[in-house]
1. Which count do you get for residues in region 20-42 that are in contact with a helix residue (DSSP H, G or I) (Cβ under 8 Å, 6 or more places away or on another chain) and closer than 16 Å to residue 63 by Cβ?
2. Between a residue in region 34-53 that is over 11 Å from residue 1 (Cβ atoms) and any residue that is surrounded by 13 or more Cβ atoms within 10 Å (Cβ to Cβ) and at pLDDT 80 or above, which pairs come within a Cβ distance under 8 Å, given they are 6 or more apart or on different chains?
3. Which of the residues spanning region 50-70 are surrounded by 15 or more Cβ atoms within 10 Å (Cβ to Cβ) and either in a helix (DSSP H, G or I) or modelled with pLDDT of 90 or more (or both)?
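The values are calculated or read from the model by the stated rules, or taken from the named source; none is laboratory data. Source: prediction; values computed, not measured. As a convention, Cβ positions derive from the backbone with ideal geometry for all residues, glycine included, and neighbour counts pool all protein chains shown.
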């Protein structure tokens, strides 16, 4: 989540970071890496996955505004 936020914060200065932020979804969803478990395994913070998906939605909208260049 922090890496995504960092990439999105600086994507206006370095446009390639937007694509990298969107590419993180592949790593999060991958069974090989098991990163998704971090979003689901905390009972005290059940909305982590929802919050991450919302951030991905926002990044996708930025990409669409730019003509889908990311």
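1. 5
2. Qualifying pairs under 8 Å: 36/28; 36/49; 40/48; 40/49; 42/48.
3. The initial filter retains those residues of region 50-70 that are surrounded by 15 or more Cβ atoms within 10 Å (Cβ to Cβ), namely 52, 55-56, 59-60, 62-63, 70.
Answer for region 50-70, where residues must be surrounded by 15 or more Cβ atoms within 10 Å (Cβ to Cβ) and either in a helix (DSSP H, G or I) or modelled with pLDDT of 90 or more (or both): 52, 55, 56, 59, 60, 62, 63.
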